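Here's the structure we're looking at; comments come further down.
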Amino acid sequence: MNSKKFSEAMSEIDSKYIDEAIRYQKSSKKHRYIRWAAFAACLVFIIAAASAANQAKNQIKLSDSSSNVTVRYTSNPPSIQSSSALIYLTEEELFTHFNTAIFKGKILNLTNIELDFNGAKSYRAIAEIEIETVYRGSCNAGDTVSVLLPCPIMKDIWVEDTDTVSSMQAGMTGIFMPMIYDNTSIEEQNGARLALNDIADYGFADGERYAFLETKDGLVFSRSAYESISNAATLDEIENYILNKISR
């Protein structure tokens, strides 16, 4: 077909077919846009659902005794510092001021947590400890108990007055003197209320004076708080000291 005949043939094509082709092309582009928009919306929904499921999985279920507070496990607590003033207690008072259990055991696991008191957040940790010997309290050898720590445990995070607890690592053996949590163990702030026994069996009164740890660098404890045994180098010495104190 020469160019003249081709031109004549093209001129015979009804213009309505050309219009229909143009409309089809526009419609096709529109449908592609709708499909991509729907796909993007589905992707956003899936990501949001996965995020919500992950948060729900990490969240610790609380009882009705707690209100306006959420507690969840976290792997990324912020680098924080805080200041506090420890109340002065004599060596004898360290054994009597709080209702504490005393036991020797091995740290099995340390998990950081975020506490959200109605928008005011703080970060701590929970230690799982397998009990070896009980000196005081209703727990038993072989039990695994949870202890709330006053700070998160992570490299490069330091919180004032928690030097002993901050040295804790999974696998360490120590002697621990945590407070016993019961129905009266409540923390309230910012219009929120947390029943502490919702998240742990025990908790340290502070991060300095209620743990004695065997570490690769030697025995770690608050030597200034326990002046009478400030030169102690083994847990056996600590054990004898504690047995002497609580037998009086």
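For region 187-248, what does the equivalent ellipsoid look like in terms of its semi-axes, each the square root of 5 times an eigenvalue of the Cα gyration tensor, given largest first in whole Å?
Details: eigenvalues 186, 40, 26 Å².
That gives 31, 14, 11 Å for the three semi-axes.
Could you compute Rg(Cα) / (2.2 N^0.38 Å) for region 84-212, with N its residue count?
So the Cα radius of gyration is 1.02 times the expected 2.2 N^0.38 Å.
To the nearest 0.05, what FRET efficiency results for ILE87 and ASP182 with a Förster distance of 22 Å applied to their C-beta separation? Could you put the intermediate results ahead of the total?
Details: r = 21 Å, r/R0 = 0.97.
Efficiency for this residue pair is about 0.55.
Just the number, please: Stokes-Einstein D of region 148-205 in µm²/s, Kirkwood Rh from C-alpha pairs, 4 °C, 1.567 mPa s. Present the calculation step by step, with values, prior to reporting the outcome.
Numbers: Rh = 13.1 Å.
Estimated via Stokes-Einstein, D reaches 99 µm²/s.
What is the distance in Å between the Cα centroid of region 127-146 and that of region 181-224?
15
Suppose R0 equals 35 Å. What FRET efficiency, 1/(1 + (r/R0)^6) with r the Cβ-Cβ distance, do ARG223 and GLU132 give to the nearest 0.05? List each step's numbers first, then the result.
Details: r = 24 Å, r/R0 = 0.67.
E(calc), rounded to 0.05, equals 0.90.
Let's test the formula: R0 of 35 Å, r as the Cβ-Cβ distance of ASN190 and ASN99. What FRET efficiency results, to the nearest 0.05?
Efficiency at R0 = 35 Å is approximately 0.85.
Please report, as a whole percent, how much of the solvent-accessible surface of region 166-208 comes from carbon and sulfur atoms (probe radius 1.4 Å).
Details: 610 of 1680 Å².
On region 166-208, the fraction of accessible area on carbon and sulfur atoms equals 36 percent.
List residues of region 102-119, by number, whose backbone nitrogen lies under 13 Å from a label position 7 Å along Cα→C-beta of THR144.
106-111
Long-range amide H contacts for ILE60: which residues qualify at under 5 Å (H placed 1.01 Å from N, peptide plane, sequence gap of 5 or more or a different chain)?
VAL71, ARG72, TYR73
Grab the other residues whose beta carbon is less than 12 angstrom from that of GLY105, score K and R as +1, D and E as -1, and report the net. If you can, show how the numbers build up before the last one.
Details: positive: LYS104, LYS106; negative: GLU128, GLU130, GLU132, ASP143, GLU214.
Charge balance in the 12 Å sphere: -3.
Which of the residue pairs LYS216/LYS245; LYS121/LYS155; LYS104/LYS245; LYS61/LYS216; LYS106/LYS155 have a Cα-Cα distance greater than 25 Å in the structure shown?
Values: LYS216/LYS245 27 Å; LYS121/LYS155 20 Å; LYS104/LYS245 16 Å; LYS61/LYS216 36 Å; LYS106/LYS155 21 Å.
Table pairs above 25 Å Cα-Cα are LYS216/LYS245; LYS61/LYS216.
The values are calculated or read from the model by the stated rules, or taken from the named source; none is laboratory data. Because the structure is a prediction, the values reported are computed rather than measured. Reconstructed Cβ throughout: ideal geometry from the backbone, glycine too, with neighbour counts over all protein chains shown. Areas reflect the complete protein model, heavy atoms only, side chains present, ligands, DNA and RNA absent. Shrake-Rupley method; radii C 1.70, N 1.55, O 1.52, S 1.80 Å.
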